[in-house]
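**Q** Quick one: the structure is below, questions incoming.
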Amino acid sequence: MLNVAVVGIGWWGKTIVPLLKQSKKLRVAKVVEVNPAGIADFARAQGVEVLSDYASVLKDPSIQGVVLCTPHTQHTDQIVAAAAAGKHVFCEKPLSMTRADVLRAIKAINEHKVVLAVGHEKRFEPPVLEAMALIKSGALGKPLQVEANFSQDKFLTLAADNWRLSGKEAPAGPMTATGIHLLDLSVGVFGEAERVFASVKQLGSQLVNGDTLAVLVSFKNGGHALLSAILATPFEGRFTVYCTKGWIEVRDKTHPEAPEGWTLTTAFAGGKREVKEFAPASNVLHNLEAFADAAMGGTPYPVPQSQMIANISALEAVFKSAASGAIVNVES
Ligand SMILES: NC(=O)c1ccc[n+]([C@@H]2O[C@H](COP(=O)([O-])OP(=O)(O)OC[C@H]3O[C@@H](n4cnc5c(N)ncnc54)[C@H](O)[C@@H]3O)[C@@H](O)[C@H]2O)c1
């Protein structure tokens, strides 16, 4: 068992704490929340101790790891502090907001020989695992282009001053909420990005930070990703990879918060389309358990640090392109 403290008990922290009750690999003994009074009922119901100070949990020898569910701009410093205290880190996405920061976070992780994992649970969806394995096997030929969409309307009811709608915490509108997951999967297919063009507009809502995002990413080893993320339309989740011998598409039935399963469509050149149904699976939990396995010295965490760096390097270019309207080279 890996004893962890979950930090930041808002929407996602309140999803993760009960989920970890089902786990035989992680135990949540404590949570950290800057507004402890606001989660008193939740903490009582979950049987967890609430601390209001992150530093005190880092000094606690009974805690081996932290699960960061805090606002985006805090992640890097919280990772660095946890690593310095010898704690393993599972950090919600995005890991950092800039390439310089993700390099700083990973340097601290490696210096202190702890494990870093990231909340990109889409990588752990059973149909995504199957699609990625098929692509890697070469059976679909050379990957040419990704087309993907992750849209939702959950933010339409947020108060205008919510941090998730701020230009500082969420540059490029939907990018840090949903687009980042698609960028991460695209990096999983193609590796490092080379150039990015991103456009964000306020077209369908009161979200002044922008509700409609289009991103075109060009990758170093060839291939494009066309990413769409909208905050003013009902849920959609789709990830398609077109290759020389066929294409494959994962389509979500519901938001990952309450999974109802997926369909996986495969089309080989000259063949018929095949559609496979996937039952719901707890990929959020599987990601956290992969973190525990790595932290307890078992199997390495399946997402390599090079891809974590590539994802955030491309993310920074998306922010710059959306702000300037220019095509931006990705730093490497
Ligand atoms: N993987 C996913 O699918 C997914 C889904 C939703 C959110 N997230 C991520 O989870 C993180 C949190 O998002 P959210 O939607 O839960 O936000 P939220 O605003 O609902 O919750 C954040 C909580 O953190 C608390 N907090 C802020 N600073 C803190 C600090 N220094 N120490 C302790 N507590 C602190 C806030 O009081 C708040 O309760 C973000 O990184 C977000 O992108 C991931």
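**Q** Would you check if there is a residue in segment 211-219 being within 21 Å of Lys93 (Cβ to Cβ), surrounded by 24 or more Cβ atoms within 10 Å (Cβ to Cβ) and of a type in the set (D, E, K, R)?
**A** Yes - at least one qualifying residue is present in segment 211-219.
**Q** Could you list all residues from segment 171-215 that are farther than 21 Å from Asp153 by Cβ and free of Cβ contacts under 8 Å to residues at least 40 places away in the same chain?
**A** None; the set is empty.
**Q** Of everything in segment 163-184 that's more than 23 Å from Phe219 (Cα to Cα) and more than 13 Å from the ligand (Cβ to nearest atom), which residue is surrounded by the most Cβ atoms within 10 Å (Cβ to Cβ)?
**A** Initially, segment 163-184 is screened for residues more than 23 Å from Phe219 (Cα to Cα), giving 163-170.
Those left that are additionally more than 13 Å from the ligand (Cβ to nearest atom): 167-168.
Numbers: Gly167: 13, Lys168: 11.
Ranking the qualifying residues of segment 163-184, first place goes to Gly167.
**Q** Now for a separate question. If Ile79 passes every condition in (1) more than 16 Å from Gly8 (Cα to Cα); (2) surrounded by 15 or more Cβ atoms within 10 Å (Cβ to Cβ) but one, which one does it miss?
**A** It is condition (1) that Ile79 fails.
**Q** Look at segment 15-36 and say how many of its residues are touching a strand residue (DSSP E or B) at 6+ places or on another chain (Cβ under 9 Å) and either within 10 Å of the ligand (Cβ to nearest atom) or free of Cβ contacts under 8 Å to residues at least 24 places away in the same chain (or both).
**A** So the answer is 5.
**Q** For segment 65-81, check the following and say yes or no: at least one residue is within 25 Å of Ala281 (Cβ to Cβ), in contact with an Asp or Glu (Cβ under 7 Å, 6 or more places away or on another chain) and either of a type in the set (S, T, N, Q) or within 14 Å of the ligand (Cβ to nearest atom) (or both).
**A** yes
**Q** Next up: Can you name every one of the strands (runs of 3 or more DSSP E) wholly within segment 199-287 that holds 1 or more residues which are within 16 Å of the ligand (Cβ to nearest atom)?
**A** On the way: elements: 212-219, 224-230, 236-243, 246-252, 262-268, 274-278.
Once the strands (runs of 3 or more DSSP E) in segment 199-287 are filtered for at least 1 residues that are within 16 Å of the ligand (Cβ to nearest atom), what remains is 212-219, 224-230, 236-243, 246-252, 262-268.
**Q** I would also like to ask the following. Which of the residues spanning segment 57-73 are touching a strand residue (DSSP E or B) at 6+ places or on another chain (Cβ under 8 Å) and among the polar types (S, T, N, Q)? Talk me through it step by step, then tell me what you get.
**A** Restricting attention to segment 57-73, the residues satisfying the condition of being touching a strand residue (DSSP E or B) at 6+ places or on another chain (Cβ under 8 Å) are 57-58, 60, 62-70.
Result: Ser62, Gln64, Thr70.
**Q** Just a yes or no: is a residue in segment 245-253 of a type in the set (Val, Ile, Thr), surrounded by fewer than 22 Cβ atoms within 10 Å (Cβ to Cβ) and either under 30 Å from Ile106 (Cα atoms) or touching a residue at least 12 places away in the same chain (Cβ under 8 Å) (or both)? Please lay out each step first, then the result.
**A** If we filter segment 245-253 for residues that are of a type in the set (Val, Ile, Thr), which is where we start, we get 248, 250.
Now narrow it down to the ones that are surrounded by fewer than 22 Cβ atoms within 10 Å (Cβ to Cβ): none.
Taking every residue of segment 245-253 in turn, none turns out to be of a type in the set (Val, Ile, Thr), surrounded by fewer than 22 Cβ atoms within 10 Å (Cβ to Cβ) and either under 30 Å from Ile106 (Cα atoms) or touching a residue at least 12 places away in the same chain (Cβ under 8 Å) (or both).
**Q** Sticking with this structure for a sec: Among the residues of segment 120-134, write down those that are touching a strand residue (DSSP E or B) at 6+ places or on another chain (Cβ under 7 Å) and within 16 Å of the ligand (Cβ to nearest atom).
**A** The first filter runs over segment 120-134 and keeps only residues touching a strand residue (DSSP E or B) at 6+ places or on another chain (Cβ under 7 Å), leaving 125-128, 130-131, 134.
Result: Glu125, Val128.
**Q** Here is a further query. Can you tell me which condition Glu169 does not meet? The list is (1) over 18 Å from Ser321 (Cα atoms); (2) among the charged types (D, E, K, R); (3) at pLDDT 95 or above, and all the others hold.
**A** Here Glu169 meets the rest and fails (1).
The values are calculated or read from the model by the stated rules, or taken from the named source; none is laboratory data. Because the structure is a prediction, the values reported are computed rather than measured. All Cβ positions, even for glycine, are placed from backbone atoms using ideal geometry, and neighbour counts span all protein chains on display.
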